[in-house]
Amino acid sequence: MADAITSREQDYSQWYLDIIKFAKLADYSPVRGCMIIRPNGYALWENMQQALDKMFKETGHQNAYFPIFIPQSFLAKEADHVDGFAKECAVVTHSRLKVDPELGLIVDPDSKLEENLIVRPTSETIIWDTYSRWIQSWRDLPVLMNQWANVVRWEMRTRLFLRTMEFLWQEGHTAHSTEEEAVAETLTILDVYATFAEDFMAVPVIKGIKTASERFAGAVETYCIEAMMQDGKALQAGTSHFLGQNFAKAFDCKFQNKNNELEYVWATSWGVSTRLIGALIMVHSDDKGLVLPPKLAPTQVALVPIYRKDEERESVLEEAYAIKKELTDAGIRIIVDDRDGFRPGWKFNEYEVQGVPVRLALGPRDVANSTIEVARRDNGQKETVARADLADSILNTLEAIQNGLFERALKTREDMTASVDSYEDFKSVLDSKGGFVRMHWDGTGETENQIKAETKATIRCIPLEGYEEEGVDPVSGKPSKGRVYFARSY
RNA sequence: CGGGAUGUGGCGCAGCCCGGUAGCGCACUCGCCUGGGGGGCGAGGGGUCGCAGGUUCAAAUCCUGUCAUCCCGACCA
């Protein structure tokens, strides 16, 4: 079974799909482009939600829930927004089915809706319609709201977690009295995302600004975090948008300021999705299976008891449950795999494929010696630890794995980041190893498009740090204010 | 939506060219032996061959259509 995982070298895309399948993260659905998130995958999402939700609340946000259906007319109100999303909306036009004697079950033509409903591709419109009723005075601001929801975008080509027609995400929507405050909010969230990616997912990210062509439909400025996958392709891991007054104007959302004047509200929106699970897989996992960072792993430690005779079984399991209690009390998510009928070696492989960070093996010899075998998923190292030190030892190991995964990913990204000063070098780096390529850019859409057309690489972002450096765009020959990050991307 | 590939027990596949009524490995069930990195032996259960038409005495196999999935392109978190 395990040897059925395609190696990364052989076929990276297939490897990615194999990991999802063997680690039981998701399954295909009867509906094209949709996915079934299995318990292993959903538990991962729940842990992500929990960590992010805490950070949102710590930065003053509250959760709410808006409907999945949006009146079609709402979507038309913000011009750029329409352009961006009109092509990929699921539309509800009827409200019931009926059984036709000849045709069987059909849409009842008499149930046509007065106004079509759009299945939300994102919720700006319905939220700004609401905010326009909620907000009157500067005293009503800011509104700092988030929702956990599903959205639907009718995609042509889908991939599990990375791009599905329906996906789970959170979308924050905030309203502010000043531009400065809204921009600050956008950046606060960008930092939350970056912190989450690096501290919890152990995925290093570049914080930056999107170019006009990559900007969210309806935004004034889109900030993003960009991550590098093992195959040299970049992945946008999260976006935070400064929306200016675009939606406030479209939905007539004004507030009375302290000078008794009416002003349009300033807005932001921001989101991360189940796509992050795809990033997690592609950054850390190896040819043996999934590798999970301890902070997000649904199970951090799996204990496999080993025994032959009944009396051994009894003493080993007794010890195993004692260890479970001890580690659980220490705040560690541990399971004891006491299933009979699965042999130890089989279980070892099972937890390896599923990415459990630490595996313990406890046999009669260990019970006799008051020891236990500790194996790390990230580097395969095994050691025998004294039973008395176990909790501390595991806590240290989990931390070491968390840090080690980040360091390894960071090194990989650094190895996959190049700075070039000629278009020839740019192309040869892209074709040989991919990765991020830092190159001067003249700031025009023309050059950006030309590069995209010729190399398939896009500007992933204009980095917030380490950008400014006078230079020349090697493609156009025009002056450049700094190096931007190019990459081929998912 | 264009190009390519593939649909056969739960999973992975063979059979298809050369029609004759379905097989292998894994998984599953039961029993015994086993148990520190995917065990062994024995006995079992499970498939109208993606779907719909057509050709034929006879279709997994040939023909037409259709649907789905994967890969590659254009669009996107």
(request) For residue A:231, work out the one condition from (1) in a loop (DSSP other than H, G, I, E, B); (2) more than 16 Å from RNA strand B (Cβ to nearest atom); (3) farther than 20 Å from residue A:126 by Cα; (4) over 16 Å from the mean Cα position of the chain (by Cα) it doesn't fulfil. (result) (2)
(request) Kindly indicate whether residue A:70 is over 24 Å from residue A:269 (Cα atoms) and either surrounded by 18 or more Cβ atoms within 10 Å (Cβ to Cβ) or within 22 Å of the chain's Cα centre (by Cα) (or both). (result) no
(request) At least 1 residues that are in contact with a helix residue (DSSP H, G or I) (Cβ under 8 Å, 6 or more places away or on another chain), of a type outside the set (Asp, Glu) and within 16 Å of RNA strand B (Cβ to nearest atom) in each: list the strands (runs of 3 or more DSSP E) lying fully within the stretch A:30-99 that qualify. (result) A:35-37, A:91-94
(message) Just the residues that are within 18 Å of residue A:416 (Cα to Cα) and either basic (Lys, Arg) or not in a helix (DSSP H, G or I) (or both), please, taken from the stretch A:188-207.
(response) A:202, A:203, A:204, A:205, A:206, A:207
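One line per residue, one yes/no per condition, for (1) under 19 Å from residue A:291 (Cβ atoms); (2) at pLDDT 95 or above:
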{"site": "A:376", "(1), (2)": "yes, yes"}
{"site": "A:381", "(1), (2)": "yes, yes"}
{"site": "A:421", "(1), (2)": "no, yes"}
{"site": "A:434", "(1), (2)": "no, no"}
(request) Could you tell me whether residue A:127 is closer than 23 Å to residue A:242 by Cβ, among the β-branched types (Val, Ile, Thr), under 16 Å from the mean Cα position of the chain (by Cα) and buried (at least 17 other Cβ atoms within 10 Å of the Cβ)? (result) no
(request) Tell me, please, whether a residue that is on the phi > 0 side of the Ramachandran plot and either among the β-branched types (Val, Ile, Thr) or surrounded by fewer than 17 Cβ atoms within 10 Å (Cβ to Cβ) (or both) can be found in the stretch A:33-55. (result) no
(request) Take residue A:359 and decide whether it is surrounded by 14 or more Cβ atoms within 10 Å (Cβ to Cβ) and of a type in the set (Lys, Arg). (result) yes
(request) Would you please name the residue that is nearest to RNA strand B (Cβ to nearest atom), looking only at residues in the stretch A:308-356 that are of a type in the set (A, V, I, L, M) and more than 17 Å from residue A:298 (Cα to Cα)? (result) A:316
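Yes/no matrix, rows are residues, columns are (1) under 27 Å from the mean Cα position of the chain (by Cα); (2) without any contact (Cβ under 8 Å) to a residue 40 or more places away in the chain; (3) under 22 Å from residue A:199 (Cα atoms):
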| residue | (1), (2), (3) |
| --- | --- |
| A:240 | yes, no, yes |
| A:250 | no, no, no |
| A:257 | no, no, no |
| A:262 | no, yes, no |
| A:265 | no, no, no |
| A:269 | yes, no, no |
| A:273 | yes, no, yes |
| A:290 | yes, no, yes |
| A:294 | yes, no, yes |
(request) Taking residue A:326 as the residue in question, decide whether it is touching a residue at least 60 places away in the same chain (Cβ under 8 Å), among the acidic types (Asp, Glu), surrounded by fewer than 21 Cβ atoms within 10 Å (Cβ to Cβ) and not assigned by TED's automatic domain parsing to the domain that holds residue A:474. (result) yes
(message) With the requirement that a residue be part of a helix (DSSP H, G or I) and either within 15 Å of RNA strand B (Cβ to nearest atom) or touching a strand residue (DSSP E or B) at 6+ places or on another chain (Cβ under 8 Å) (or both), what does the stretch A:271-304 give you?
(response) A:275, A:276, A:277, A:278, A:279, A:280, A:281, A:282, A:283
(message) Residues to consider are A:383, A:373; find the one that is more than 7 Å from RNA strand B (Cβ to nearest atom) and more than 18 Å from residue A:297 (Cα to Cα).
(response) A:383
(request) With the checklist (1) within 16 Å of RNA strand B (Cβ to nearest atom); (2) under 13 Å from residue A:272 (Cβ atoms); (3) surrounded by fewer than 17 Cβ atoms within 10 Å (Cβ to Cβ) in hand, flag the one item residue A:195 doesn't pass. (result) (1)
(request) Starting from the stretch A:469-490, take each residue that is outside any strand (DSSP E or B) and list its partners that are within 16 Å of RNA strand B (Cβ to nearest atom) and charged (D, E, K, R), counting only C-beta distances under 9 angstrom and pairs at least six apart or across chains. (result) A:475/A:454; A:476/A:446; A:488/A:233; A:488/A:456; A:490/A:159; A:490/A:163; A:490/A:233; A:490/A:275
(request) Please name all residue pairs, on different chains or six or more residues apart, with Cβ atoms under 6 Å, provided the first residue is in the stretch A:360-384 and is assigned by TED's automatic domain parsing to the domain that holds residue A:320 and within 17 Å of residue A:315 (Cα to Cα) and the second residue is within 6 Å of RNA strand B (Cβ to nearest atom) and assigned to a helix (DSSP H, G or I). (result) A:372/A:366
(request) Can you give me the number of residues within the stretch A:411-431 that are away from RNA strand B (no atom under 16 Å from the Cβ), under 29 Å from residue A:198 (Cα atoms) and surrounded by fewer than 18 Cβ atoms within 10 Å (Cβ to Cβ)? (result) 5
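Here is a yes/no grid of residues against (1) among the charged types (D, E, K, R); (2) in contact with a helix residue (DSSP H, G or I) (Cβ under 9 Å, 6 or more places away or on another chain):
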{"site": "A:234", "(1), (2)": "no, no"}
{"site": "A:249", "(1), (2)": "yes, no"}
{"site": "A:255", "(1), (2)": "no, yes"}
{"site": "A:278", "(1), (2)": "no, yes"}
{"site": "A:290", "(1), (2)": "no, yes"}
{"site": "A:305", "(1), (2)": "no, yes"}
{"site": "A:308", "(1), (2)": "yes, yes"}
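The values are calculated or read from the model by the stated rules, or taken from the named source; none is laboratory data. What you are looking at is a predicted structure, and each value in this text was computed from that prediction instead of being measured. Glycine also receives a Cβ, built like all others from the backbone with ideal geometry; neighbour counts cover every protein chain displayed.
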